[in-house]
Number of protein chains: 2
Amino acid sequence: MRAHNFGAGPCALPLDVLEEVAAELTDFRGTGMSLIELSHRSKDYEAVHMGTLSTLRRVAAVPDDFDILFIQGGATMQFAMVPINLLAPSQRAGVVVAGSWGKKALSDGSKHGDLVAAWDGVETGYTTMPGADGVDIDPEWRYLHVTTNETIGGIRMVELPETDVSLVADMSSDYLARPIEWDRYDLVYGGVQKNLAPAGMAVVFVRKSVAANPANDVASYLRYEFHANSDSLGNTPPMFTIYVMGKVLERLEERGGIAALEERSAAKAGAVYEVIDGSDGFYRSPVDPAVRSHMNVVFRLPSEDLEAEFVATAADRNLIGLKGHRSVGGCRASLYAALEMESVEVLVTFMNDFRATQ
Amino acid sequence: MRAHNFGAGPCALPLDVLEEVAAELTDFRGTGMSLIELSHRSKDYEAVHMGTLSTLRRVAAVPDDFDILFIQGGATMQFAMVPINLLAPSQRAGVVVAGSWGKKALSDGSKHGDLVAAWDGVETGYTTMPGADGVDIDPEWRYLHVTTNETIGGIRMVELPETDVSLVADMSSDYLARPIEWDRYDLVYGGVQKNLAPAGMAVVFVRKSVAANPANDVASYLRYEFHANSDSLGNTPPMFTIYVMGKVLERLEERGGIAALEERSAAKAGAVYEVIDGSDGFYRSPVDPAVRSHMNVVFRLPSEDLEAEFVATAADRNLIGLKGHRSVGGCRASLYAALEMESVEVLVTFMNDFRATQ
């Protein structure tokens, strides 16, 4: 029986994509080889690679002056590459620290450039996000780094900060589940392992003029230019991830693209928040209601014992991945793109049932 | 029909591994999820991950004072990470340049440390390797970097240079097809996409004392220490690649491990070189006979037209990937671990037949 997968990533992928991948696994389209046995220089693989790139450009409405790069190492690798490529030794940039991912972007990135916290949610325990005019921005900064959704805290940036400074965004945990305001950004990045594909890669959208002018002289793999100049075929790419992502993006497009995914995500999250808000305090959301994440619904029960019982009982009903992150405890239902409303309905029923038994 | 895959990487994987992966793809061992949908923090994935690590430690006879790291970005990423982690600003290291991969290790690595060419095969067109006493080594060097097999040139390092300087080796293209003399090395690395697994990762073996003392202060992903301290689970790893590699390593172990693979590789290569040497000059090996690669058999025909005809006719007989690298032309039969002697026999027959028709 198919599990209802509420994991925080890696997480559910569309079942029909998995079935297609399985069917093609030993013989990819009559080649007599698996996709993962093809040369990355072969025509068969190249068609897959360029197909994924063009579907992504269409689905995300990526403007012509942006490159799309496939780079290994996830968002963690980008914490290094962004300042290495964008920040010259004389320059400074700001980072909005709204949770653990923003903290890492700041601490890791600081090894490679002069970064300062532009805003820090520590006083509220990282339960809220700044509003459009809530970030104190130095107009001299090279860029301002934001995390559009904090997976562990369960909060999302509803409005981008108002500023003329170019933005850089880590969108790992709500990638393609909201439109990207391209004119605001020099660079957008994210690991693919939540909404888009199996783990093993980040997608980086970078303004072409930025990629072409690296701020520091570093080895090939660390330069956006290397990936941009080769359509991310400068060395052997993570072919399986790119191939599966192509199929996932096709499904996303068939189902109405980003706008429709944004709506579905809001509806899925809304259904869970409704149970929380209507539970007379049995379930409790610890975050600012104005910035509740549509991807990661974080909630508490009256005691840690009850939380453990909730997670275990849910697993018995095939509802998987509901434990909160070990750093904050509690419960968390992640509702990534491939998790269907049907699974949310099963969760909602279970939450009501569980509360009734207490 | 299964192709005979002579590609230079990515390349053939064991068919029974592919069949197992296909069978498990929509439901991994009763979890109701695909392996690629599991959390990397789940018990099910952890068992796979730690299993691959321990099989690898056993198969490669890795000593206790070496860490095994799974790092994304392939060998190209290691061209940066090796000097970043091993070479302090006051130190220098040497690089044996025996082909295009040694060249890249030198040019990319030079962005992050003081590297010098310790030996360069340019005068012979990169058709030979230095012998044990052929490299001029400064005993003050932090390390000497070697490439044990040059994929494009089709040559292999038969003997390691004699020196007290610690070695670092890029073994991408003969990984686990020869024993690793652990006491000679501080670090051994290689992309997995030739002998071991689908593309998307390098395996790095690094002396624990070296990993624990990075020579430069850089972001997490660029530090061996980060990967060593977390069993390569510091961020989301390339789970699918690690999972498939575990299965490939189990097969390798069942078939006698590295020693047996080394013998099989020598036998496969020997069969092709025998045709070349017995062809009265119709086929011609351009490399020094003493250092012929067991992995990549490079050969020429009397004309480029004949080479093109050879490659095309071979493809009609389901012999795939025989075109030489675009930078050198000619033909190349890569004989990686999962390519069976049966395929080599088909190639040998074809080579004899093709010659007979001319």
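Counting only Cβ charges, +1 for Lys and Arg and -1 for Asp and Glu, the dipole size of the protein assembly as shown around its Cα centre is about 160 debye. Of the residues A:Ala98, A:Trp141, A:Ser34, the one whose Cα sits farthest towards the positive end of the charge dipole of the protein assembly as shown is A:Ser34 (charges of +1 on Lys and Arg Cβ, -1 on Asp and Glu Cβ, taken about the Cα centre). Using the Cβ-Cβ distance between B:Thr349 and B:Asn229 with R0 set to 60 Å, the FRET efficiency from 1/(1 + (r/R0)^6) comes to roughly 0.70.
In this calculation the C-beta distance from A:Ala61 to A:Ala290 is compared with R0 = 25 Å, giving a FRET efficiency of 0.40. Distance to the A-onto-B rotation axis is smallest for one chain A Cβ; residue and value in angstrom are A:Gln72, 2.
Quote the total accessible area buried by chains B and A together, excluding ligands, DNA and RNA, probe 1.4 Å, nearest 100 Å². The buried area between B and A, both sides summed, comes to about 4300 Å². Comparing each chain alone with all protein chains together (probe 1.4 Å, DNA, RNA and ligands left out), the residues of segment A:23-37 losing at least 40 Å² of accessible area are A:Leu25, A:Thr26, A:Gly32, A:Met33, A:Ile36, A:Glu37. Each copy carries a label point for A:Arg92 at 7 Å from Cα along the beta-carbon vector; from one copy to the others these points are 3.9 nm apart, nearest first. Look at the stretch A:321-328: the mean tally of other chain Cβ atoms within 10 Å of its residues' Cβ atoms is 1.
For B:Asp353, the point set 7 Å out from Cα toward Cβ sits 6.4 nm from its twins in the other copies, listed from shortest up. Distances between copies at B:Glu340, taken between label points 7 Å from Cα along the C-beta direction, are 4.0 nm in increasing order. When the pairs A:Lys247/B:Lys104; A:Lys111/B:Lys111; A:Lys111/B:Lys43 are compared against a 24 Å limit on Cα-Cα distance, A:Lys247/B:Lys104; A:Lys111/B:Lys43 fall above it. For segment B:257-356, the fraction of C-alpha pairs more than 24 angstrom apart is 15%.
Accessible surface of segment A:15-254, 1.4 Å probe: 45 percent of it comes from carbon and sulfur atoms.
Per-residue packing, averaged as other Cβ atoms within 10 Å, sorts the ranges B:197-206, B:311-320, A:45-54 into the order B:197-206, A:45-54, B:311-320, beginning with the highest. In segment A:201-313, the convex hull through the Cα atoms has an average projected area of 11.9 nm², a quarter of its surface area. In chain B, the DSSP-assigned H stretches of four residues or longer account for a calculated mean residue ellipticity at 222 nm of -11000 deg cm²/dmol, using -39500 (n - 2.57) per stretch and the full residue count as denominator. Packing here is the average count of other Cβ atoms within 10 Å per residue, and on that basis the peptides A:102-112, A:184-194, B:155-165, highest first, run A:184-194, A:102-112, B:155-165.
Per-residue shielding of B:72-84, expressed as the average number of other chain Cβ atoms within 10 Å of the residue Cβ, stands at 5. Between B:Glu263 and B:Ser107, the contour length at 0.36 nm per residue exceeds the alpha carbon distance by 52.7 nm. Here the Kirkwood formula, the inverse mean of 1/r across different C-alpha pairs, assigns chain A a hydrodynamic radius of 21.2 Å. Annotation: extensible slack from A:Val158 through A:Arg2 equals 52.8 nm (criterion: 0.36 nm per residue apart, minus Cα-Cα distance). The Rg/Rh ratio for the protein assembly as shown, using Cα coordinates for both the radius of gyration and the Kirkwood hydrodynamic radius, is 0.99.
Note the direction-averaged projected area, equal to a quarter of the hull surface, for the Cα convex hull of segment A:74-194, in nm².
On the way: hull surface 26.7 nm².
Averaged projected area of segment A:74-194's Cα convex hull equals 6.7 nm².
Based on protein heavy atoms only, the protein assembly as shown ends up with 36 Å² per residue of surface accessible to a 1.4 Å probe.
The values are calculated or read from the model by the stated rules, or taken from the named source; none is laboratory data. Being a predicted model, the structure only gives us computed values, none of them experimental. Here the Cβ is made from the backbone with ideal geometry for all residues, glycine too, and neighbour counts use every protein chain on show. Side chains are part of the model used for accessible areas, which takes the heavy atoms of the whole protein and leaves out ligands, DNA and RNA. Shrake-Rupley method; radii C 1.70, N 1.55, O 1.52, S 1.80 Å.
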